[in-house]
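*Asks:* Before I ask anything, here is the structure I am working with.
Here, each number is a calculation from the coordinates, and none is a lab measurement. Fair warning: this is a prediction, and the values are worked out from it, not measured in the lab. Here the Cβ positions follow ideal geometry from the backbone for every residue, glycine too, while neighbour counts run over all protein chains shown.
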2 protein chains.
Amino acid sequence: MEEQNKKILLVEDDPNFGTVLKDYLMMNDYDVVHAKNGMEGFEKFKKDDYDLCILDVMMPYKDGFTLAKEIREKNTDVPIIFLTAKAMKEDVLKGYKVGADDYLNKPFDSEVLLMKIKAIMQRKATDTVADSKQFEFKIGRFDLNSKLRFLKFDGGEPTKLSPKENELLRLLALHENDLMPRELALTKIWRDDNYFTSRSMDVYIAKLRKYLKPDPNVEILNIHGEGFRLVINNK
Amino acid sequence: MEEQNKKILLVEDDPNFGTVLKDYLMMNDYDVVHAKNGMEGFEKFKKDDYDLCILDVMMPYKDGFTLAKEIREKNTDVPIIFLTAKAMKEDVLKGYKVGADDYLNKPFDSEVLLMKIKAIMQRKATDTVADSKQFEFKIGRFDLNSKLRFLKFDGGEPTKLSPKENELLRLLALHENDLMPRELALTKIWRDDNYFTSRSMDVYIAKLRKYLKPDPNVEILNIHGEGFRLVINNK
DNA sequence: TTCTTTTGTTAACGTTAGGTTAAACCTAAT
DNA sequence: ATTAGGTTTAACCTAACGTTAACAAAAGAA
């Protein structure tokens, strides 16, 4: 389904090589942002979160090492791979000192780069813990655990929720007693707002109402033409 | 505080080069054990815990790749650096597939090697903290010893586990009652995430469920599209 | 009112993920 | 060579999910 692709920041001043490399990476299911020089690279880096940076060493205005240092100041963890034309020892050492994760001499084999990327990403795979977001909600007599995707009534047997059910209920809970605009759910969960996705959402609202029936103090109200409202009557 | 030196297993068949390298590393405050071939390398590896393995690829009796595979069966986490005379692409790819952390072509500069070692150690320092020392788990009425790879029920006869069975159960136990993402197991244990490895993992889940059957309070639940959850009902 | 649009609900369908068993495939050890 | 242990691939089946259709009921507009 919607498995998020890994995001790569590629900073390479040679437009031909840069474009070819970008296309190659994108063909291999990476989201690539291509910056043409160090300045632009840093701007783009600040604007978004990346899973990996590939930096050319020799660039006008701001070389790869300087850029890497700036990146490291903002983020100690992003893996960095350097690309360099010459195989100079000083450069390699300098690179590792700045916290490089790997090093490649141009010209290099693209498959090798791909393997290195994979290897590096795998190392980082442990850090999935990052978002200790909000996963647990109290909804009347229900408990929603949106990480493990289940709904418990009075602490009894948990009901399993499908991804869509789960996301939708979570969105409603996030807006408890308030309007949850139709459009919000459609763009966030269905990633598209048209007649069919809208109907699909209505189907899911019906499902959720069924799940929530056991507690008469919990209901999902419709606000015609606007969206839905999860109300919890606690007297 | 007595900071323990890092322990390196160096497997290199050229006696001259091996000795020089060993001395150089020891001068830089590493504890180095030098094995002269793959066989000996594996023996030494089994006898002790190492923070890093440096393996020559071309060796008589047992080449570096084979050795690496055996090492990986015992330990999924030790960093491995390959040394090779020729810069063959196939070799490099093979190396990364076996789970190499880095790659060096002979002749190489010793300072470069040192930097690579430092870089790798640093990486491991951050992400190995949490789980590296955890080998024993209580799973309901079972005891899992993931170092010796066996599972005991009620303290009775231990069932031997294969490396994959063991690693998978360990990962599940590490995330007890919580989600163990599919992707995590695939990248950490299978080192690749595709249709087939995913199916392979499912086969192992089935095996584990069989092993765990004797205790009805222990089960592996699936969270569709996300992963698995080892639940232990202790009433 | 009557017409139109939006929402409620159920059922059917197609697709994909997962459960399980067995066979095929290594590769190290005999 | 043969065998045994471990792992992958194949095959078949069931469960889970999401979309769409169909029809009914509300709500709002005319």
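*Asks:* According to the square roots a ≥ b ≥ c of the eigenvalues of the Cα gyration tensor, what is the shape class of region B:1-64, taking rounded for a/c under 1.5, prolate for a/b larger than b/c otherwise, and oblate for the remainder? Walk me through the intermediate numbers first.
*Replies:* Numbers: a/c = 2.92, a/b = 1.50, b/c = 1.95.
Note, shape of region B:1-64 comes out oblate.
*Asks:* How far apart, in nm, are the 7 Å Cα→Cβ label points at B:Asp14 and A:Val203?
*Replies:* Taking the two extended label points, one gets 6.6 nm.
*Asks:* Please state the shape class of the protein assembly as shown: rounded when a/c is under 1.5, otherwise prolate if a/b exceeds b/c and oblate if not, all from the C-alpha gyration tensor. Could you put the intermediate results ahead of the total?
*Replies:* Numbers: a/c = 2.63, a/b = 1.42, b/c = 1.86.
Taking the square roots of the gyration eigenvalues as a ≥ b ≥ c, the protein assembly as shown is oblate.
*Asks:* Check each of the trypsin sites (Lys or Arg not before Pro) in region A:1-95 and keep only those in coil by DSSP with at most 12 other C-beta atoms within 10 angstrom; list them in order.
*Replies:* When the trypsin sites (Lys or Arg not before Pro) of region A:1-95 are filtered for loop state and at most 12 Cβ neighbours within 10 Å, A:Lys86 remain.
*Asks:* Using a 7 Å offset from the Cα along the Cα-to-Cβ direction at both B:Asp31 and B:Gln122, what is the distance between the two label points in nm, to one decimal?
*Replies:* That separation, rounded to one decimal, is 2.4 nm.
*Asks:* I've got another one for you. How high is the relative contact order of region B:148-219, in percent, with contacts defined as C-alpha pairs under 8 Å that are six or more residues apart? Could the numbers behind the result be given before it?
*Replies:* Numbers: 43 pairs, mean separation 16.3, N = 72.
The normalised contact order for region B:148-219 reaches 23 percent.
*Asks:* I've got another one for you. With only Lys, Arg, Asp and Glu charged, each at its Cβ (+1 for the first two, -1 for the last two), find how big the charge dipole of chain B is about the Cα centre; round to the nearest 20 debye.
*Replies:* Once rounded to the nearest 20, the dipole reads 860 debye.
*Asks:* Assume the label is 7 Å from Cα along Cα to beta carbon: what separations in nm does A:Glu226 have to the matching positions in the other copies?
*Replies:* Spelled out, the distances from A:Glu226's label point are 3.2 nm.
*Asks:* A 19 angstrom limit on the alpha carbon distance is what I want to check against. Which of A:Lys97/B:Lys118; A:Lys118/B:Lys164; B:Lys147/B:Lys188; B:Lys46/B:Lys69; B:Lys97/B:Lys210; A:Lys160/B:Lys210 exceed it?
*Replies:* Long pairs (Cα-Cα over 19 Å): A:Lys118/B:Lys164; B:Lys97/B:Lys210; A:Lys160/B:Lys210.
*Asks:* Moving to a separate point now. Quick check: the angle from helix A:15-27's long axis to the longest principal axis of chain A, C-alpha only, nearest 10 degrees?
*Replies:* 40 degrees
*Asks:* Only residues of region A:16-56 count here: report those whose backbone N is under 12 Å from the spot 7 Å along Cα→Cβ of A:Ser110, or say none.
*Replies:* So the set is A:17-29.
*Asks:* Also, quick follow-up: Dipole size in debye (nearest 20) for the protein assembly as shown around its Cα centre, Lys and Arg Cβ +1, Asp and Glu Cβ -1?
*Replies:* Using Cβ point charges on Lys, Arg, Asp and Glu, the protein assembly as shown gives about 1340 debye.
*Asks:* Place the label 7 angstrom along Cα→C-beta at B:Phe150 and in each other copy, then list the distances from the first to the rest in nm, shortest first.
*Replies:* Those separations, rounded to one decimal, come out as 3.3 nm.
*Asks:* Here's a follow-up. Between helix B:195-212 and chain B, what is the angle of the helix's C-alpha long axis to the longest principal axis, kept within 0 to 90° and rounded to the nearest 10?
*Replies:* On a 0 to 90 degree scale, this one is about 60.
*Asks:* If you don't mind, another one. Sort out the exposed loop GluC sites (Glu not before Pro) in chain A (DSSP loop, at most 16 other Cβ within 10 Å) and tell me the longest stretch that has none.
*Replies:* Longest run free of exposed loop sites: A:4-175.
*Asks:* I need the shape label for region B:136-232. Rule: rounded when a/c is under 1.5, else prolate if a/b > b/c, else oblate, with a, b, c from the alpha carbon gyration tensor.
*Replies:* Judged from the Cα gyration tensor, region B:136-232 comes out prolate (a/c at least 1.5, a/b above b/c).
*Asks:* Over region A:9-105, what is the mean sequence separation of C-alpha contacts under 8 Å (at least six apart), divided by residue count, expressed as relative contact order in percent?
*Replies:* Values: 150 pairs, mean separation 23.8, N = 97.
Once divided by the residue count of region A:9-105, the mean separation gives 25 percent.
*Asks:* If you fit an axis through the alpha-carbon atoms of helix A:64-74 and take the longest principal axis of the Cα set of chain A, what angle between them do you get, 0 to 90°, nearest 10?
*Replies:* Rounded to the nearest ten degrees, it is 30.
*Asks:* Distances from B:Tyr24 to the same position in the other copies: list them in nm, one decimal, shortest first, using label points 7 Å from Cα along Cα→Cβ.
*Replies:* Values, ascending and in nm: 3.0.
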